[in-house]
1. Starting from residues that are among the aliphatic types (A, V, I, L, M) and modelled with pLDDT under 80, keep the ones in the range 90-113 and report whichever is surrounded by the most Cβ atoms within 10 Å (Cβ to Cβ).
2. Name every residue in the range 168-187 that is within 16 Å of the chain's Cα centre (by Cα) and under 17 Å from Asp107 (Cβ atoms), in order of residue number.
3. For the range 24-34, check the following and say yes or no: at least one residue is in a strand (DSSP E or B) and modelled with pLDDT under 75.
4. Within the set of pairs 6 or more residues apart or between chains, which connect a residue that is at negative phi and modelled with pLDDT under 90 inside the range 152-171 to a residue that is among the acidic types (Asp, Glu) and part of a loop (DSSP other than H, G, I, E, B) with Cβ atoms less than 7 Å apart?
5. Mind checking which residues of the range 48-70 are loosely packed, with under 15 Cβ neighbours inside 10 Å and under 18 Å from Leu25 (Cα atoms)?
6. On the phi < 0 side of the Ramachandran plot and modelled with pLDDT of 75 or more: is that true of Met56 in this structure?
Amino acid sequence: MSTTTITLTCAQSGTSYTTNLNGALGAIDTCHSGTTAPTTNVVQGKQWLDTSSGDMILKIYDGTSWLTLLDLTAGVMKAVSAVTADSLATARTVTVSGDATGSFTYDGSANSSLVITDVYPHAELNGSATEVFSASTMNAATVDLGDWTVTETTGVLYFATGGVSKMKLDASGNITCVGNITAYGTM
């Protein structure tokens, strides 16, 4: 189905109106599928199934250009989340609080290290008040922080409390969490 106008007027005959209505509904039904982008009634949020390369690429108009939402190349669906990002636009800080404190900043461009300070120093930190943990030197899949654990599995960090995973941070910088997020600054 090629793209078509969805403008209908009452100054048409019944047959002409029905033909135009069926064409408009067909275009909507197939996401304006075609080798060229729709050019009429293009507004922010309009979708287009681009077939110009022979593959199906679902795009959405953002008010100025067509952005790729989903790419079905050679029969394999590839979700597109960040087309050109090498790192997060704004670095994020992960903070540990409670009996142990610490924080690290993560922007996705490189590994990060976490310095944990035990509020109540004891033997578990080898007798010192501060212990440095680094992914390259610790060689542990799970870090037990008391009520919380941080587990790394195939490049994904899982944060859990009480044995229940509450947040996941993948290597691309995507964060998935259960519950509410409170953020300060620009997101």
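The values are calculated or read from the model by the stated rules, or taken from the named source; none is laboratory data. What you see is a predicted model; the values in this text were computed from it and never measured. Backbone-built Cβ (ideal geometry, glycine too); neighbour counts: all protein chains shown.
1. Applying the filter and picking the extreme gives Ala100.
2. Result: Leu169, Asp170, Ala171, Ser172, Gly173, Asn174, Ile175, Met187.
3. No: the range 24-34 contains no residue that is in a strand (DSSP E or B) and modelled with pLDDT under 75.
4. Val156/Asp170; Thr161/Asp147
5. Answer for the range 48-70, where residues must be loosely packed, with under 15 Cβ neighbours inside 10 Å and under 18 Å from Leu25 (Cα atoms): there is none.
6. So Met56 fits the description; yes.
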